[in-house]
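Note sheet for the following structure.
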Amino acid sequence: MIARFLDFIYPPLCELCQTPLQHGRSICSSCADLLPRIKEPFCQNCGETFDGNLEQGFRCQNCLGLTHDFHFARASLKGLALPFHLVHSLKYRRRFFLARDLAEFLQETLEEDPRFRDLGNDALLIPVPLHWRRQQWRQGNQAFELARELSKASGNPLANALKRNRSTQTQTKLNRKQRLSNLRGAFHVKKAHLERLRGTNAILIDDVFTTGATAHECTRVLKREAKVSKVAILTLVRG
Ligand SMILES: [Zn+2]
Ligand SMILES: [Zn+2]
């Protein structure tokens, strides 16, 4: 009742247009409609989007000659200003309440891409972990919040199965090769999850997919340490 009273005095505002909102939402429906979805054609390997008409099932220039351990990667939104603004609020401004509305975009992608259905309804949602020190600093992990909300919406079980052993230097200025060597040995499967993961399919959840180095390394660890069968990647934004 107190929460409702406070909503009455200070109604929550849309994160993008500041319109007063109801029912615990954080993004209004007109802003949600305007956010740029990734639709076909996109790279079947890494989810990179292209304008114009291209044949189905193509692979982008970046992926030619690359081997990814993951099955495929998909993102829900294009890497433009508004999606990045939302990721920034979620990640650096501790606005974790955004995760519920943002997970709806992930859910859209999960439903429309048949390759996710092929993994089964029991494919585990595994968030990319932060190092504990960074998580403490940010007071939460944006990937975990997204995975938890997506799990509520889709019914796929959540498994917070990975841990990050070392805090890696910031990746933004590194190319893919440098990122890969920077990440070597950074992730492990938590002991308590080893049995549960064996032979299952998994969907790795993160906020942004950029070069795919994090996705690649987490997949490698899930397969090597826990014998996970297939790992697909689902991120909110394609950077
Ligand atoms: Zn709005
Ligand atoms: Zn690609």
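Note: region 24-120, Cα convex hull, 137 Å³ per residue. Hydrophobic, long helices, defined as DSSP H runs whose alpha-carbon span along the helix axis is 30 Å or greater and whose mean Kyte-Doolittle value is at least -1.0, do not occur in the chain.
Of all the options A81, A202, A32, the one that moves most in a Gaussian network model of the chain with Cα springs shorter than 10 angstrom is A81. Only one residue of L124, Q136, L150 has its Cα farthest out toward the positive end of the dipole of the chain, where Lys and Arg carry +1 and Asp and Glu -1 on Cβ, and that residue is Q136. Taking amide hydrogens as placed 1.01 Å from N in the peptide plane, the amide H of L204 sits under 5 Å from those of I126, A232, I233, L234, each at least 5 positions away in sequence or on another chain. Only Cα pairs within less than 10 Å get springs; with that Gaussian network setup on the chain, which residue of P11, P36, P129 has the largest fluctuation? Highest fluctuation of the listed residues: P11. Largest mean-square fluctuation among F105, F209, F96, in a Gaussian network model of the chain whose springs join Cα atoms under 10 Å apart, belongs to F96. The gain in end-to-end length when the N121 to H85 segment is fully stretched comes to 9.8 nm, 0.36 nm per residue minus the alpha carbon separation. The phi-based Karplus calculation (6.51 cos²θ - 1.76 cosθ + 1.60; θ = phi - 60°) puts the 3J(HN,Hα) values of region 17-30 at 10, 6, 5, x, 10, 10, 6, x, 7, 10, 9, 6, 5, 5 Hz, whole numbers, x for Gly and Pro. One decimal place: the segment K191-W132 gains 19.6 nm when fully extended, by the rule 0.36 nm per residue minus the C-alpha distance. What is the sum of charges, Lys and Arg at +1 and Asp and Glu at -1, for the other residues whose Cβ falls under 14 Å from the Cβ of L64? Around L64, the charge tally is +1.
Average accessible surface for the chain: 53 Å² per residue, computed with a 1.4 Å probe over protein heavy atoms with every protein chain in place. In the structure shown, do any of K39/K190; K190/K223; K91/K152; K39/K163; K39/K230; K78/K191 have a Cα-Cα gap over 25 Å, and if so which? Violating the 25 Å limit, Cα to Cα: K39/K190; K39/K163; K78/K191. Quick one: net charge around A232, please, counting Lys, Arg +1 and Asp, Glu -1 for every other residue with C-beta under 13 Å from its C-beta. Overall, the nearby charge balance is +1. Multiplying the residue separation of K173 and K152 by 0.36 nm and subtracting their alpha-carbon distance yields 4.0 nm.
The calculated FRET efficiency for the pair T19 and L66, based on their C-beta separation and a Förster distance of 35 Å, comes to about 0.20. When the Cα gyration tensor is reduced to axis lengths a ≥ b ≥ c, the ratio a/c stays below 1.5 for region 67-238, which is therefore classed as rounded.
The values are calculated or read from the model by the stated rules, or taken from the named source; none is laboratory data. No experiment lies behind these values; they were computed from the predicted model shown. Every residue, glycine as well, gets a Cβ built from its backbone with ideal geometry; the counts of neighbours run over all protein chains shown. These area figures cover heavy atoms from the full protein model, side chains too; ligands, DNA and RNA do not enter into them. Shrake-Rupley method; radii C 1.70, N 1.55, O 1.52, S 1.80 Å.
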